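One structure below.
Each value in this text was obtained by applying a stated rule to the coordinates, not by laboratory testing. All values reported here derive from a predicted model rather than from experimental measurement. For neighbour counting, all protein chains shown are included, and Cβ atoms are generated from backbone atoms with ideal geometry for every residue, glycine included.
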Amino acid sequence: MIRGALTAMVTPFKEGRVDTDALAAMVDFQVENGINGLVPCGTTGESATLSYEEHSRVIELTIERAGGRVPVVAGTGSNSTSESLMLTKSAEKAGANAALLITPYYNKPSQKGLYEHYKKISESVDLPLFLYNVPGRTGLNMAPETVARLSELENIIGVKEATGDLAQVSDVIEYSVEDFIILSGDDAVTLPMLSIGAHGVISVTSNIVPHEMALLVSRFFSGDLKGARELHYRLCALHRVMFLETNPLPVKTALALLGQCAEEFRLPLVTMEESTRAALVSALNTYGLDLIKG
């Protein structure tokens, strides 16, 4: 079972291109610091601005560098079913352990349309699939009843729930098939979600502190609730600054400050405002991270 803390990986750029050396170093950093899985080409990876070739190559490189040390869940979602299917087949061919598919954004399908979208992809690949519900990005909420119907399909194995709504998450768990994997899509509510039955988190914050995010989840599952709670509160300030501006601006800026990549984004994303960047630097320093610049 895929569970624990998985990192929603940043895609590093250098002079307009994917920085493959930085990407390889990031994979090593994550694995060596105890992360439980990697998720390339999600929202945090600026997937919306990657070409098809770049998208596939980032997934391939992540799989190659991970070398089976941790599972790789490839982000392959789109608002076009045919495009999602193309990217998912590519990830399957590359050897991904699973794929993560965001609900179609902008065109805002009905719940029936959502079901048919995922059903079509499920029937066309053998790869295990995770649904991804993030209304704040897509303008569309996938109802617990729809998730439950989809959970009955053989290779749809879980959902990344990023509503932050614990009542909805509870409904998803109640209505879905047994052992359906629930992953938090919001760092700040990871511990509350674990307490009602989630299996882990796809984390933004773990880009910079993979050990701590993995430890929080492992402490919970080992029964060390006090230790998990202590880590939860220690990490709260980092979670907040990761969303001072649109993700992935703060987390990629933090990685640049830590020397892991360039502070480079693709339009329409631009560098952080001076005031929020200063708040980010302050929080990183307070946490005790070793910044190379700032």
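Here are the numbers for the structure shown:
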| quantity | calculated |
| --- | --- |
| Qualifying residues in segment 244-293 (those that are among the small types (Gly, Ala, Ser) and not in a loop (DSSP other than H, G, I, E, B)) - the one surrounded by the fewest Cβ atoms within 10 Å (Cβ to Cβ) | SER275 |
| Filtered residue count, segment 163-175, keeping only those that are in a helix (DSSP H, G or I) and in contact with a helix residue (DSSP H, G or I) (Cβ under 7 Å, 6 or more places away or on another chain) | 6 |
| Verdict on LEU191 being surrounded by 15 or more Cβ atoms within 10 Å (Cβ to Cβ), in a helix (DSSP H, G or I) and in contact with a Leu (Cβ under 9 Å, 6 or more places away or on another chain) | yes |
| Of all residues making up segment 194-207, the number that are surrounded by fewer than 24 Cβ atoms within 10 Å (Cβ to Cβ) and hydrophobic (A, V, I, L, M, F, W, C) | 2 |
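Yes or no, residue by residue, for (1) under 26 Å from LEU267 (Cβ atoms); (2) aliphatic (A, V, I, L, M); (3) in contact with an Asp or Glu (Cβ under 9 Å, 6 or more places away or on another chain):
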| site | (1), (2), (3) |
| --- | --- |
| ARG3 | no, no, no |
| ALA8 | yes, yes, no |
| PRO12 | yes, no, yes |
| GLU15 | yes, no, yes |
| THR20 | yes, no, no |
| VAL31 | no, yes, no |
